[in-house]
1. Between ILE33 and GLU195, what is the FRET efficiency for a Förster distance of 35 Å, r being their Cβ-Cβ separation, to the nearest 0.05?
2. Does segment 99-187 come out rounded, prolate or oblate by the C-alpha gyration tensor, with a ≥ b ≥ c the root eigenvalues, rounded set by a/c under 1.5 and, if not, prolate when a/b is larger than b/c and oblate if not?
3. Pulled fully out, how much extra length does the chain show between VAL130 and HIS142, if you take 0.36 nm times their separation in residues and subtract their Cα-Cα distance?
4. Have a look at ASP132, ASP202, ASP32 and tell me which one the Gaussian network model of the chain (Cα, springs below 10 Å) gives the largest fluctuation.
5. Show which aspartates and glutamates lie in cross-link reach of LYS25 when reach means a straight Cα distance below 20 angstrom and same-chain residues fewer than eight apart are skipped.
6. Using only Cα atoms, tell me the angle between helix 42-55 and the longest principal axis of the chain; keep it within 0 to 90° and round to the nearest 10.
7. ³J(HN,Hα) across segment 84-90 via Karplus (A = 6.51, B = -1.76, C = 1.60, θ = phi - 60°), whole Hz, x for Gly/Pro?
8. Arrange LYS38, LYS98, LYS224, LYS47 by Cβ neighbour counts within 10 Å, fewest through most, would you?
Amino acid sequence: METKLKVELLMYTPQPENIVAAAAKLCYSSSDIQGLLKGQTPEKANKLIQRLLSYGHESPFEHISFTFGVEGVSRSLTHQLVRHRIASYSQKSQRYVKEGQFSYIIPPAIEEHAEARTLYIQAMEEQQKVYDQLVLLLCEQHGNEKQALEDARYILPNACETKIVVTMNARSLFNFFSNRCCNRAQWEIRQCAREMLRLVQDVAPSIFNHAGPRCLQGPCPEGKMTCGEVQEVRKMFLG
Ligand SMILES: Cc1cc2nc3c(=O)[nH]c(=O)nc-3n(C[C@H](O)[C@H](O)[C@H](O)COP(=O)(O)OP(=O)(O)OC[C@H]3O[C@@H](n4cnc5c(N)ncnc54)[C@H](O)[C@@H]3O)c2cc1C
């Protein structure tokens, strides 16, 4: 099923592999700062990165950051996303931007169920009407739209479509991918996380090629809640 989700990698630290390898070299050699990048080759950087990953020595990965623009997602998704505290966010404000005709996300299971879909759309239209009426009433009361918008928005649903810019360093992304690429994460944030992973794998393959849900590295940590599809998941991520 087609979704509205759009993820773009807006910017990232140039030469991410070189920076990580240089930071790690400082830990393990007597090199001075000027010498850190001397003699660095993609092969040497990659070898050092694989060693760091196998040791779990993750602090060098904090030196590189990736900034994504995410749109066509619900406020439900962004609420889950912003629980990841080791990150920076900027999100479209419902206090300042009027939801004149708010767009909303329809979960695939609801999209595929005719009766549920009708009910859902009715609820959205009803909420839009109430929101518009509240904005009018509160505008009369306060004499300014901004104050009206910030109170009227309490009626808006989690389904409301939004946009967000997020920046994370690579170490935080490892954690984000292990939580949110997992089949146990909700469909929407899972799609978003998998798209983010695909984008960073394109620009920093030796850093992210083994990133993904925890079951790529060992047994599924979810116990009874496991999706039961570890082999399929490994095949999808590792080929
Ligand atoms: C499948 C799934 C189900 C979930 N269900 C729920 C739920 O029912 N209810 C709910 O509230 N949340 C739920 N969450 C959210 C989850 O508990 C985390 O809040 C979210 O995944 C962010 O992860 P994090 O804290 O590791 O990330 P970050 O906030 O980015 O933190 C990264 C790491 O830094 C360290 N860290 C950060 N802050 C602190 C701190 N204050 N003290 C100590 N160490 C810190 C931790 O090691 C942490 O793993 C769920 C997440 C998933 C993936």
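1. So the FRET efficiency works out to roughly 0.40.
2. oblate
3. 2.5 nm
4. Greatest mean-square fluctuation among the candidates belongs to ASP32.
5. GLU17, GLU43, GLU58, GLU62
6. Result, in degrees: 70.
7. 3J(HN,Hα) across segment 84-90, in whole Hz: 7, 6, 8, 5, 10, 9, 9.
8. Exposure proxy ranking, most exposed first: LYS224, LYS38, LYS47, LYS98.
No lab work stands behind these numbers, since they all come straight from the coordinates. Since the model is a prediction, treat every value here as computed from it, not as a measurement. All Cβ positions, glycine included, derive from the backbone under ideal geometry; neighbour counts span all protein chains shown.
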